[in-house]
Amino acid sequence: MNALYKDAAWQKSMQLKLDFNGMMKQFVGEHGLDPDELNKNKEMYDAAAASMAAKRAQMKWRELPYNQAEVVGRIKKLASKINKEYEAFVVLGIGGSALGPIAVQQALSHLRYNDLPKEKRGGPRFYVEDNIDPERMASLLDVIDVEKTIFNVITKSGGTSETMSQLLYITRLLKDKLGDGWTKHVIATTDEHKGNLIKIAKANGLETFFVPDGVGGRFSELCPVGLIAAAVCGIDIEELLEGAKYMDTLCSAAEPGKNPAYMAAALEVMAMQKGCNVGVIMPYADSLKYIADWYAQLWAESLGKKTDNSGNIVHTGQTPVKALGVTDQHSQVQLYTEGPFDKVITFIAVDRYRNDVTIPHSFDDIADVAFLSGHSFNELIKSEQLATEYAVTRSGHMNKTITLPEVNPFTIGELLCMFELQTAFAGELLNINAFDQPGVEEGKNATYAMLGKRGYDEKRAELKAAPAKMSEYIV
Ligand code: PA5
């Protein structure tokens with residue numbers, strides 16, 4: 001554990017940096033932003049910042065770094081018990097109830113965590129089951145022993161079909177093997193008052209954690225939804241929350257020029273107004289690969305909206321695309337340098353990786369290979385990130401870079417908080433509700449209707465009345 005994370009000088013040394021030179025006309029030419037555009041929108045930024053301040057009390061996810069001392073204590077105790085008693089920890093959840101736990105664990109645990117022997121892992125093996133592919137569920141059972149596994153079922157609404165199906169399946173298995181003892185193998189994380197999971201949890205005396213009111217799925221990583229999984233895997237959740245607090249404070253400034261989250265949002269919205277309907281997120285670190293997945297949901301589900309706050313049809317949003325540096329330099333970067341000017345590329349860079357790997361001498365007689373020897377993987381990945389940033393800029397495509405001094409719980413807390421604030425501020429700039437998801441609900445309701453859930457007769461009738469598919473369009 002890092003003893004320094006509350007030290008002001010250390011915190012400052014861990015501050016994320018947003019570099020948006022690559023968004024500006026001076027660097028990318030005609031497809032970039034004019035410096036005047038930044039100033040000309042001042043009124044719009046002021047209004048959005050005022051609205052963020054006014055809505056702060058409703059945005060309960062902003063309080064998570066400040067108000068969880070008690071629950072953090074409970075989670076830490078539970079994590080150490082789980083560590084002693086179980087070989088595997090499985091999250092059952094989907095969307096906002098899964099992507100955060102995956103992202104943070106991948107960022108902060110050993111990259112091959114599950115393959116390590118127990119004494120090197122710092123926690124039980126970790127799985128997140130965020131799909132209902134039958135092959136995946138069957139394969140999970142080939143690698144875990146349910147009698148030595150604890151399942152954290154996470155659903156804010158307490159009724160999502162995918163998660164409830166998984167719960168039904170797992171509890172049946174547990175009941176068959178352990179009888180009443182099954183309840184020791186299931187933790188419920190859900191809304192305190194609403195939904196079916198809380199009823200099941202109460203009726204069966206399950207260990208239960210709450211997703212606080214006003215904390216929606218994709219904004220819930222820093223509450224028990226994400227904190228339990230992180231603590232179980234040995235991650236310092238207090239440092240994670242401290243990083244989020246640091247960023248939240250930094251982002252209390254109203255002017256985008258002093259607020260990295262607001263600036264990032266303003267840049268994306270200006271780019272959207274210029275027709276950039278695609279936002280690529282490209283971390284240069286395997287540890288951050290699933291942060292890109294988490295961000296993609298946050299950005300897509302929050303901003304992809306049909307109507308604005310005044311009821312106008314706007315069909316707004318920006319399609320997030322995930323890429324991984326350097327891997328996707330060899331698959332997507334051709335498009336980013338020579339393709340249409342319809343995207344913003346956000347690189348996530350890391351200054352200091354957690355390992356140093358030097359490239360040794362081995363084939364000194366072949367000059368075109370030997371030039372690599374003596375350098376390091378660290379130098380190589382950094383050079384490739386800078387070279388790609390240069391190539392994208394030179395080709396006139398807008399880009400920006402967020403740099404983490406290191407990947408640690410503090411900087412990941414900062415990054416999560418920054419992206420959440422960026423998304424909320426973009427929602428204000430676009431005058432939409434960034435916190436609902438009517439499009440997702442529509443799919444959920446159609447599934448309920450298809451599977452015969454009570455109260456969905458009307459939806460069932462609507463589905464029946466939908467035009468039948470035409471065979472001539474199927475080859
Ligand atoms: O962000 C959201 O609200 C959604 O992605 C939800 O997290 C997702 O649909 C799962 O919902 P629930 O946690 O209610 O099962």
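The values are calculated or read from the model by the stated rules, or taken from the named source; none is laboratory data. Quick caveat: nothing in here was measured; it's all calculated off a predicted structure. All Cβ positions, even for glycine, are placed from backbone atoms using ideal geometry, and neighbour counts span all protein chains on display.
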Test result for G195, under 22 Å from V232 (Cα atoms), surrounded by fewer than 21 Cβ atoms within 10 Å (Cβ to Cβ) and out of contact with any Phe, Trp or Tyr (no Cβ under 8 Å at 6 or more places or on another chain): no
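Identify all residues within segment 427-463 that are in a helix (DSSP H, G or I), within 16 Å of the ligand (Cβ to nearest atom) and either without any contact (Cβ under 8 Å) to a residue 40 or more places away in the chain or among the aliphatic types (A, V, I, L, M) (or both); write none if there are none. It would help to see each step written out before you state the result.
First, the residues of segment 427-463 that are in a helix (DSSP H, G or I): 427-429, 438-450, 457-463.
Still in the list and also within 16 Å of the ligand (Cβ to nearest atom): 427, 438-448.
Result: V440, E441, E442, G443, N445, A446.
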Test: residue in segment 100-123 that is modelled with pLDDT of 95 or more, under 21 Å from Q437 (Cβ atoms) and not small (G, A, S): yes
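Scan segment 46-98 for residues that are outside any helix (DSSP H, G or I), closer than 28 Å to I132 by Cβ and within 16 Å of the ligand (Cβ to nearest atom) and jot them down. Working first, answer last.
First pass over segment 46-98, keeping only residues outside any helix (DSSP H, G or I): 55-59, 64-68, 86-94, 98.
Now restrict to residues that are closer than 28 Å to I132 by Cβ: 86-94, 98.
V90, V91, L92, G93, I94, A98, listed by residue number.
Restricting attention to segment 221-258, and to residues there that are at pLDDT 95 or above and hydroxyl-bearing (S, T, Y), which single residue is surrounded by the fewest Cβ atoms within 10 Å (Cβ to Cβ)?
Restricting attention to segment 221-258, the residues satisfying the condition of being at pLDDT 95 or above are 221-251.
Filter once more, keeping what is hydroxyl-bearing (S, T, Y): 246, 249.
Details: Y246: 23, T249: 12.
By that ranking, first place goes to T249.
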Residue in segment 155-169 that is surrounded by the fewest Cβ atoms within 10 Å (Cβ to Cβ), counting only those that are among the polar types (S, T, N, Q) and more than 7 Å from the ligand (Cβ to nearest atom): S165
Hits in segment 99-118 - residues which are more than 19 Å from Y353 (Cβ to Cβ) and part of a helix (DSSP H, G or I): L99, G100, P101, I102, N114, D115, K118
Hits in segment 294-324 (condition: among the β-branched types (V, I, T), over 16 Å from the mean Cα position of the chain (by Cα) and either crowded, with 18+ Cβ neighbours inside 10 Å or under 13 Å from V280 (Cα atoms) (or both)): T316
Hits in segment 119-147 (condition: in a helix (DSSP H, G or I) and among the polar types (S, T, N, Q)): S139
Pair list, Cβ < 6 Å and 6+ apart or interchain, from segment 149-173 residues that are more than 24 Å from C233 (Cα to Cα) and in a helix (DSSP H, G or I) to residues that are near the ligand (Cβ under 7 Å from one of its atoms) and modelled with pLDDT under 95: none
Close pairs from segment 79-102: first over 20 Å from K289 (Cβ atoms), partner at pLDDT below 95 and more than 16 Å from the ligand (Cβ to nearest atom), Cβ under 6 Å, at least 6 apart: N83/G123
Any hit, segment 383-399, residues being surrounded by 14 or more Cβ atoms within 10 Å (Cβ to Cβ) and within 29 Å of D7 (Cα to Cα): no
Which listed residue, of L451, L430, L415, is of a type in the set (A, V, I, L, M, F, W, C) and within 17 Å of the chain's Cα centre (by Cα): L415
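Please tell me if N83 is among the polar types (S, T, N, Q), modelled with pLDDT under 95 and surrounded by 17 or more Cβ atoms within 10 Å (Cβ to Cβ). Give the steps one after another, and end with the answer.
Numbers: among the polar types (S, T, N, Q): yes; modelled with pLDDT under 95: no; surrounded by 17 or more Cβ atoms within 10 Å (Cβ to Cβ): yes.
When the stated conditions are applied, N83 does not pass them.
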Any pair with Cβ under 6 angstrom, 6 or more apart, that starts in segment 49-63 at a residue that is within 11 Å of S252 (Cα to Cα) and ends at one that is in a loop (DSSP other than H, G, I, E, B) and hydrophobic (A, V, I, L, M, F, W, C): A49/A254
Residues (surrounded by 15 or more Cβ atoms within 10 Å (Cβ to Cβ) and either hydroxyl-bearing (S, T, Y) or touching a residue at least 24 places away in the same chain (Cβ under 8 Å) (or both)) located in segment 343-381: K343, V344, I345, T346, F347, I348, A349, V350, Y353, S376, N378, I381
Residues located in segment 202-235, provided they are more than 14 Å from the ligand (Cβ to nearest atom), over 18 Å from the mean Cα position of the chain (by Cα) and on the phi < 0 side of the Ramachandran plot: K202, A203, N204, L206, E207, T208, V232
Set N131, N152: member being within 16 Å of the ligand (Cβ to nearest atom), among the polar types (S, T, N, Q) and surrounded by fewer than 17 Cβ atoms within 10 Å (Cβ to Cβ): N131
Any hit, segment 300-321, residues being in contact with a Pro (Cβ under 6 Å, 6 or more places away or on another chain), modelled with pLDDT of 95 or more and either among the basic types (K, R) or not in a loop (DSSP other than H, G, I, E, B) (or both): yes
Unmet criterion (only one of (1) within 12 Å of the ligand (Cβ to nearest atom); (2) at pLDDT below 95) for N196: (2)
Test: residue in segment 277-289 that is in contact (Cβ under 8 Å) with a residue 24 or more places away in the chain, in a loop (DSSP other than H, G, I, E, B) and not aromatic (F, W, Y): yes
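If you check A138, A107, A98, which single one turns out to be among the hydrophobic types (A, V, I, L, M, F, W, C) and over 25 Å from F210 (Cα atoms)? Spell out the reasoning first.
On the way: A107 fails: over 25 Å from F210 (Cα atoms); A98 fails: over 25 Å from F210 (Cα atoms).
None of the other options fit; the residue is A138.
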